[in-house]
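The next block holds one structure in the form of C-alpha cells; read it before the comments.
The values are calculated or read from the model by the stated rules, or taken from the named source; none is laboratory data. Note that the structure is predicted; figures quoted are calculated from it, not measured. Cβ atoms come from the backbone with ideal geometry, glycine included; neighbour counts cover every protein chain shown. When the accessible area is computed, the model is the full protein with side chains, heavy atoms only, and any ligands, DNA or RNA have been set aside. Shrake-Rupley method; radii C 1.70, N 1.55, O 1.52, S 1.80 Å.
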Amino acid sequence: MAILQNLLETGDAIPHGACMGWRPELISLHVVSDAIIAVSYLSIPIVLAVFVSRRPDLVFGWVAWAFAIFLVACGASHLLDIWTVWYPHFGAEGVVKALTAVTSLATAIVLWPLLPKALRLPSAGELRRAVEALRIQIRERDIALKALECEREERRRAEDMLRQAQKMEAIGQLTAGIAHDFNNLMTAVIGNLERARRLLPQDGSRQLARAIRGAALGAERAGVLTHRLLAFGCRQPLAPNVMNVNDVLEHLADTLRRTLGGNIRVVSNLMFDLWPTRVDADALESAILNLAVNARDAMPEGGNLVMTTRNVAAGDGLVAELGLAEGDYIEIAVADTGVGMAEEVASRAFEPFFTTKPVGEGSGLGLSQAYGFAVQSDGTAVLDSSQGQGTTVKLYLPRAQIAAAPAYARSFTSGLLTNAPAYP
C-alpha cells in the first residue's frame, strides 16, 4: 500500500501541458486525439458485449470478453493522458497502463493457442458449399419422398384393382353358377311347354293355347337373360374369329344412327391401321349395342355418341396398369355426353343386376355383359365417368398376330335397342 501511495503522490511533477509550453494548438491536438481514441476504445466493448450476449452459440465467445476488458483499459489510459495535461497524476496513469499491459499480455497468451483451432473453422466459402450440398440433399430427399408417395399411390390403385377384380370374379362365378342351373330349369320348362302345346287338341281351348304361347315366350326371354348372365361369368361359349373390329363398328354406326333417335349424333373415329383381334363378332356387336343403349338413356335431351378405336402397344404403361398380360392390345372406346355417374355408382357399374333406374326400366346387365365379353376374350373393360361430364367405357382386346379376314357384322333388331338395360 505504501508503494501505491507513493505512486499516486504528485510530488514535484509538472503536468504535460507545461512540457508542451501550454501551447493551445499543441494541447488541443493531444486532447482531441486522446478523447476520440478513448471514446472509440470504450464503445467497442459495448458492441462486443451485445454481440456475445445475443449469440450464445459462438465457439470462442469468451475471447470477445477478454478483448472488451483490454479495450476498456486502453480507453481509460487515454483518458488519463488527457487528465495529466493539467494534473501531474502520473502514478495513476502508470497504474492504469500497467493494468492495460497485464490485460494485453493475458489476451495475447490465450489467443496464440486458439490460433490453430480458429484456422480449422470453416471459411465462408466452405460454409456456402456445405449449405448448397445440404440443399441438394434436401431436394434429393424431397424427390425420393415424392417418388415414394407416387409408388404408394400406384400400389394403392393396384390393390384396389386387384380387390375389384377378385370381387368381379367371385360375382361372375356365383352368377354363372346360378345362370347355369336356371338355364337347365328353363330348358325343362320350355320342353314341357312344347310338349303341352303338341298334346293340346286341335279344337282345344284358345285361352289355354294363348297361355302356353305366353309362357313359352317368357321362357325364351328368360333364356336370353341366362345367356347374358353366362356372358358376364365368362361361361358362355364363344366362336372367336380374327377380324378388324372397325368392320363391326362401321356397320353398327349406320344402324345406331337410324335407331337411337335424331337428337343423338353418332360419331366414328376409327383408326385406319387398327390391329386385328380375335373375338366373337356377335358377342362384340352385342356388347357395343348395350353400351350404345346405355349412352342413349344417359342423354335424354340428346348429345353425342362417339366410338373410337386405337392401338395400345405392349410398352404402353396402360397395359401394366390394367393388369393385362404383356402384349399388344386394341382399345374400343364408347363415349357419351350424358349425365354421367357418381363415384359410388361407377364403382359398381359392372356388377350384374346393379341399376339405379326404377323397377322395370333396366335389368342392370348391359355393362356386366360387356365386361364379361372383354374378360372372356382375354382383355378387360374400364369405365370413366363423373356426374355432369359424361361416361366413357373402354374395351381392351388382345391383338391377333395373323391378318384379319373381311367380316360382315350382322346387326341386332331394333327391339334390342328399346329393351336393353341402361346405365345403373
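When A370, A404 are screened for being closer than 20 Å to S268 by Cβ, modelled with pLDDT under 85, out of contact with any Ser or Thr (no Cβ under 7 Å at 6 or more places or on another chain) and open to solvent by 30 Å² or more (accessible area, probe 1.4 Å), only A404 passes.
Being part of a loop (DSSP other than H, G, I, E, B), open to solvent by less than 20 Å² (accessible area, probe 1.4 Å), among the hydrophobic types (A, V, I, L, M, F, W, C) and modelled with pLDDT of 85 or more is true for just one of M299, M307. Which residue is that? I'd like the intermediate steps shown before the answer.
Working: M307 fails: part of a loop (DSSP other than H, G, I, E, B).
None of the other options fit; the residue is M299.
Look at (1) assigned to a loop (DSSP other than H, G, I, E, B); (2) modelled with pLDDT of 80 or more and you find that G360 fails only one, number (2). As a summary of the residue check, K97 satisfies the conditions (1) within 19 Å of A38 (Cβ to Cβ); (2) open to solvent by 60 Å² or more (accessible area, probe 1.4 Å); (3) touching a residue at least 60 places away in the same chain (Cβ under 8 Å) except for the one numbered (3).
Out of (1) open to solvent by less than 10 Å² (accessible area, probe 1.4 Å); (2) modelled with pLDDT of 55 or more; (3) among the hydrophobic types (A, V, I, L, M, F, W, C), what's the single condition that is false for A409? Going through (1) open to solvent by less than 10 Å² (accessible area, probe 1.4 Å); (2) modelled with pLDDT of 55 or more; (3) among the hydrophobic types (A, V, I, L, M, F, W, C) one by one, A409 breaks only (2). Take L225 and decide whether it is among the aliphatic types (A, V, I, L, M) and at pLDDT below 75. Yes. Any chance you could count how many residues in the stretch 237-291 are more than 21 Å from T392 (Cα to Cα), open to solvent by 50 Å² or more (accessible area, probe 1.4 Å) and polar (S, T, N, Q)? Count: 1. Note on the stretch 263-282: residues that are touching a Gly at 6+ places or on another chain (Cβ under 9 Å) and of a type outside the set (V, I, T) amount to 2. Among the candidates S104, S123, the residue that is under 50 Å from the mean Cα position of the chain (by Cα) and more than 30 Å from W22 (Cα to Cα) is uniquely S123.
The C-beta contact set for the stretch 375-391 (first residue within 15 Å of N294 (Cα to Cα) and in a loop (DSSP other than H, G, I, E, B), second residue of a type in the set (D, E, K, R) and modelled with pLDDT of 85 or more, distance under 6 angstrom, 6+ apart or interchain) comprises G390/D336.
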